[in-house]
Amino acid sequence: MKIRPATVADVARLAAIAAASYRAGFLDIVGEESLQARSQAHFEKRFTEQWASLRLAEQSDGRIAGFSQIRDGKLDMLFVHPDLFGQGYGATLLADAERRGATLLDCFRDNHAARRFYERSGWRVGEDFMQEFAGLTIASVTYRKP
């Protein structure tokens, strides 16, 4: 596995992973209607503007397994393709994000799998808060890396 900076050429593949990961991780939390706003096209537009802040995990055959995004010391996104969960890509991306200075992240309160992952990785729960997401108000928590 290789971690590398994203390029413009990676945008469509990263957008496909983001859309699939959102569906796998958030469908039960936000519902189908809210996820429609987070389509592959949505992420392609977003990533076309933000590709320089993305890093990706690449499999040995060159396929992209997942990606992370850090902005101002905050881990804004960390997603692995749902078919590749549990194979170490998330842990490798998180370790890379930490080396690059990520010390803060937000997570939906009811995203139990992600919360277990971050807590096993040494992140600590901070404050609870409500956030706007795709037209909904969702209970969330902040995590900090000591």
Open item on the list: Looking only at residues that are open to solvent by 50 Å² or more (accessible area, probe 1.4 Å) and acidic (D, E) in segment 20-65, which one is nearest to the chain's Cα centre (by Cα)?
Closed with: E44
Task: Identity of the residue in segment 70-91, closer than 13 Å to I3 by Cβ and touching a Phe, Trp or Tyr at 6+ places or on another chain (Cβ under 9 Å), that ends up most open to solvent (accessible area, probe 1.4 Å) - done: A91
Task: Matching entry among F43, F79 (being touching a residue at least 40 places away in the same chain (Cβ under 8 Å) and not charged (D, E, K, R)) - done: F79
TODO: Within segment 136-146, work out how many residues are outside any strand (DSSP E or B) and open to solvent by 80 Å² or more (accessible area, probe 1.4 Å).
DONE: 1
Open item on the list: Looking for something closer than 18 Å to T7 by Cα, without any contact (Cβ under 8 Å) to a residue 24 or more places away in the chain, out of contact with any helix residue (DSSP H, G or I) (no Cβ under 9 Å at 6 or more places or on another chain) and open to solvent by 60 Å² or more (accessible area, probe 1.4 Å) - is there at least one such residue anywhere in segment 95-117?
Closed with: no
- [ ] Sort through I17, I3 and tell me the only one that's in contact (Cβ under 8 Å) with a residue 40 or more places away in the chain and part of a strand (DSSP E or B).
- [x] I3
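The values are calculated or read from the model by the stated rules, or taken from the named source; none is laboratory data. Quantities reported herein were computed from a predicted structural model and do not represent experimental measurements. Methodologically, a virtual Cβ is constructed for each residue, glycine included, from the backbone with ideal geometry; neighbour enumeration extends over all protein chains shown. Heads up: the accessible areas ignore ligands, DNA and RNA and are worked out on the full protein's heavy atoms, side chains in. Shrake-Rupley method; radii C 1.70, N 1.55, O 1.52, S 1.80 Å.
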